[in-house]
Amino acid sequence: MARFIPTLLVAAVLGVAPARGEVPVTVDPEAIPNYQLIRPGLAFGGQPSAETVERLGEMGFRTIVNLRTEREGAPAEGEVVRAQGLDYVWVPVTAGTFSLQDVETVERVLDDPEAAPVLLHCASSNRVGAVWGAIQARQGRTRDEVESDTRTAGLHSPSMWEALLRILSWAPDPAAVNP
């Protein structure tokens, strides 16, 4: 009975429990802020609540990619995620450290069908937006499309936008409306 009650609580907070291999289309913002299902098997978001981190496996995720730094508690999250039998990939990103290597590491996970379903998150989805924009640019999307993709994914910081431009070797466009 004790196991049944938390499962009901998760279902009530997060929506109907997903079938195996599927993740929720929507999630309560208190559970995962800025959550978006981008495509089947890939969701973006901000930092999941402590209770939600403990339930990511029940939500259907197989791999968690965390872009937060050590100071933000990423190693502790990894322990909780791995205890559920999930894969945990930690790629600490800041505007000052963001690199093409970070993008390539995340891209390898997202391209691996065995990793899905994946939750890619940071604190607010800002860094997620920058990483996603870089991936989209590497796949041939135009600068305007990338800018739109980054906003949709959660990029809102001018410093992360500048970091994205830096790693893509794109010059700032003074006429553009940047995040």
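Of note, Glu22 satisfies the criterion of being in contact (Cβ under 8 Å) with a residue 24 or more places away in the chain, more than 14 Å from the chain's Cα centre (by Cα) and open to solvent by 30 Å² or more (accessible area, probe 1.4 Å).
The range 34-108 holds strands (runs of 3 or more DSSP E) entirely within its bounds, and those carrying 1 or more residues that are touching a Cys at 6+ places or on another chain (Cβ under 8 Å) and not acidic (Asp, Glu) map to 63-66.
One line per residue, one yes/no per condition, for (1) at pLDDT 95 or above; (2) touching a helix residue (DSSP H, G or I) at 6+ places or on another chain (Cβ under 9 Å); (3) open to solvent by less than 10 Å² (accessible area, probe 1.4 Å):
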{"residue": "Ala95", "(1), (2), (3)": "yes, yes, no"}
{"residue": "Val106", "(1), (2), (3)": "yes, yes, yes"}
{"residue": "Asp111", "(1), (2), (3)": "yes, no, no"}
{"residue": "Ala123", "(1), (2), (3)": "yes, yes, no"}
{"residue": "Asn126", "(1), (2), (3)": "yes, yes, no"}
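The residue that is farthest from the chain's Cα centre (by Cα), counting only those in the range 25-41 that are crowded, with 20+ Cβ neighbours inside 10 Å and closer than 19 Å to Val89 by Cβ, is Ile32. Scanning the range 42-52 for residues that are over 16 Å from Gln84 (Cα atoms) and surrounded by 21 or more Cβ atoms within 10 Å (Cβ to Cβ) yields a count of 4.
Only one of the numbered conditions (1) more than 13 Å from the chain's Cα centre (by Cα); (2) under 21 Å from Ala50 (Cβ atoms) is violated by Arg138, and that is (2). Checking each residue in the range 44-92 for being aliphatic (A, V, I, L, M) and closer than 19 Å to Ala116 by Cα picks out Val53, Leu56, Met59, Ile64, Val65, Leu67, Val80, Val81, Ala83, Leu86, Val89, Val91. The residues on offer are Arg55, Arg82, and the sole one that is of a type outside the set (Gly, Ala, Ser) and surrounded by fewer than 16 Cβ atoms within 10 Å (Cβ to Cβ) is Arg82. Does Trp161 satisfy being open to solvent by 10 Å² or more (accessible area, probe 1.4 Å), of a type in the set (Phe, Trp, Tyr), farther than 19 Å from Ile32 by Cβ and over 14 Å from the mean Cα position of the chain (by Cα)? No: the conditions fail for Trp161.
The values are calculated or read from the model by the stated rules, or taken from the named source; none is laboratory data. Just so you know, these numbers come straight off a predicted model, no measurement behind them. Neighbour counts run over all protein chains shown; Cβ positions are idealised from the backbone, glycine included. Surface accessibility is based on the protein's heavy atoms, side chains included, excluding ligands, DNA and RNA. Shrake-Rupley method; radii C 1.70, N 1.55, O 1.52, S 1.80 Å.
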